[in-house]
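First up is the structure itself, then whatever we jot down about it.
The values are calculated or read from the model by the stated rules, or taken from the named source; none is laboratory data. Here the structure is a predicted model, which is why all the values come from computation and not from measurement. Methodologically, a virtual Cβ is constructed for each residue, glycine included, from the backbone with ideal geometry; neighbour enumeration extends over all protein chains shown. Surface accessibility is based on the protein's heavy atoms, side chains included, excluding ligands, DNA and RNA. Shrake-Rupley method; radii C 1.70, N 1.55, O 1.52, S 1.80 Å.
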Amino acid sequence: MRTSIEVADIFRTAGPAYRLAHAGHLSLHQLKIMSAIEQCRTAAMGGHVEACEDCGHWRVAYNSCRNRHCPKCQGAAARTWLADREADLLPVGYFHVVFTLPAEVGAIAFHNKALIYDLLFRAASETMQVIAADPKHLGARIGITAVLHTWGSALTHHPHIHMIVPGGGIALDGTRWVSARPAFLLPVRVLGALFRRLFLTRLLALYDAGQLAFFGSMAHLAERRAFLRHLSPVRKKRWVVYAKPPFAGPEAVLAYLSRYTHRVAISNSRLLRFDKDGVTFRYKDYRRGGADRQQVMTLGADEFIRRFLLHDLPKGFHRIRHYGLLASGTRKDSLERARQLLAVASPAVNDMPAEPPDARPPCSCCGGRMIVIEILERRYQPRAPPRFAASSERQAS
């Protein structure tokens with residue numbers, strides 16, 4: 001059922017004033033995100049007219065923006081991605097592991113998203129693979145599917161990596177499958193210590209190479225002594241790596257992935273109200289337990305938009321990555337070898353191309369099949385509003 005409030009409604013109503021108030025401070029990338037969400041499934045995107053073959057009932061369907069930050073466009077992308085991943089599942093338990101950056105490092109990441117997010121992926125995946133390969137722990141090559149999330153439940157900037165990891169791997173000599181213990185994959189304290197060392201060593205290398213930028217309240221970190229002082233507390237604190245209990249079978253893994261892989265900062269289903277007081281939405285307060293964890297928050301429209309845009313990903317950045325047995329170049333051979341060692345058959349391969357499913361909903365009157373009878377051209381829209389539109393209008397008057 002369609003929620004009564006959508007992020008697009010907030011952007012359409014409060015977006016023009018927000019863009020005007022922050023002219024010169026919003027990137028073209030952020031302006032494009034706002035424009036795409038506002039225009040998604042409207043006449044501006046074009047579309048088609050569908051008619052029922054049986055009763056003649058017709059309806060207009062507008063195109064999606066397909067922007068990866070749009071809450072309405074991720075369902076179809078997730079379904080396609082999951083269909084491709086289903087064949088990769090092995091008949092073993094799967095673990096959910098989370099790597100989180102401390103707040104001090106998250107602040108640096110906000111100004112250096114592409115570099116720090118990439119470093120987060122590399123440090124976390126290497127940590128898992130190094131500890132898993134250690135004979136004192138698992139002594140095997142494992143597979144990892146990693147997904148980047150940059151938000152907390154209240155839309156704050158909170159970069160962390162979710163990993164789905166099979167409960168075992170191929171022995172380093174390739175001769176057998178090494179299974180993890182039923183409810184234990186790898187020691188989280190050992191993972192946290194190595195993750196901290198790898199990440200901070202490489203972060204300092206990026207700093208010394210002059211690749212990091214600092215702005216606003218972080219500008220003083222451009223001085224090396226200040227940068228080292230800023231990192232001093234995180235060198236001593238424990239870095240949190242969280243390992244959840246294993247999933248109850250491959251179907252549960254797919255259900256979990258469908259919720260996490262293509263998630264955006266906030267879904268439309270969490271929005272409760274949008275009025276003169278602001279935007280009211282549900283969030284989880286992880287400091288509370290039980291029923292008290294579900295809380296409600298109201299933010300001014302400008303603050304809601306600001307927090308939403310905190311989570312724009314760099315253009316072309318891959319937020320889902322695969323490592324080890326699931327790395328793209330060797331996935332097919334690695335999974336085939338894993339199935340041989342587990343003595344299970346490979347998934348059947350259908351040589352006949354499957355006919356793509358009809359994604360159009362059936363007729364709302366009789367349940368019949370809908371067919372396209374007319375194509376609606378996309379209406380031209382400028383890439384972004386003119387920066388000085390307001391002053392130009394005053395001069396014209």
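Couple of notes before you dig in:
- In the stretch 252-295, trypsin sites (Lys or Arg not before Pro) in a DSSP loop with at most 15 other beta-carbon atoms within 10 Å: 276, 287, 288
- Residue among 163, 45, 370 with the largest mean-square fluctuation in a Gaussian network model of the chain, springs linking Cα atoms under 10 Å: 370
- Chymotrypsin sites (Phe, Trp or Tyr not before Pro) lying in DSSP loop within the stretch 250-323, provided at most 10 other Cβ fall within 10 Å: 286
- The apolar share of the surface of the chain, taken as the fraction of accessible area on carbon and sulfur atoms (1.4 Å probe, ligands and nucleic acids excluded), comes to 54 percent.
- Longest DSSP-loop-exposure-free segment, GluC sites (Glu not before Pro), the chain, at most 12 other Cβ within 10 Å: 54-222
- Legend: distances between Cα atoms for 113/276; 113/244; 72/332; pairs beyond 29 Å are 113/276; 72/332.
- Counting only protein heavy atoms and a 1.4 Å probe, the chain has 54 square angstrom of accessible area per residue.
- All aspartates and glutamates inside 15 Å of residue 32 as judged from Cα atoms, apart from same-chain residues fewer than 8 positions distant: 312
- For the chain, built as a Gaussian network whose Cα springs stay under 10 Å, the top-fluctuating residue of 159, 233, 187: 233
- Relative contact order computed over the chain (Cα-Cα under 8 Å; 6+ residues apart), in percent: 26
- Segment residue 176-residue 292, extension gain: residue separation times 0.36 nm, minus the distance between their alpha carbons: 37.1 nm
- Within the stretch 198-218: backbone nitrogen closer than 19 Å to the residue 225 label point (7 Å, Cα to C-beta): 208, 218
- The chain - mean residue ellipticity at 222 nm from DSSP helices (-39,500 (n - 2.57) per run, n ≥ 4, rounded to 500): -11500 deg cm²/dmol
- Point-charge dipole on Cβ atoms (K/R +1, D/E -1) for the chain, about Cα centre, debye to 20: 1500
- The stretch 24-84: C-alpha gyration tensor shape, a/c 1.5 cut-off, then a/b vs b/c: oblate
- Prolate/oblate/rounded call for the chain, Cα gyration tensor, a/c under 1.5 rounded: oblate
- Sparsely packed loop sites in the stretch 304-344 (the trypsin sites (Lys or Arg not before Pro) outside DSSP H, G, I, E and B with at most 11 other Cβ atoms within 10 Å) comprise 315.
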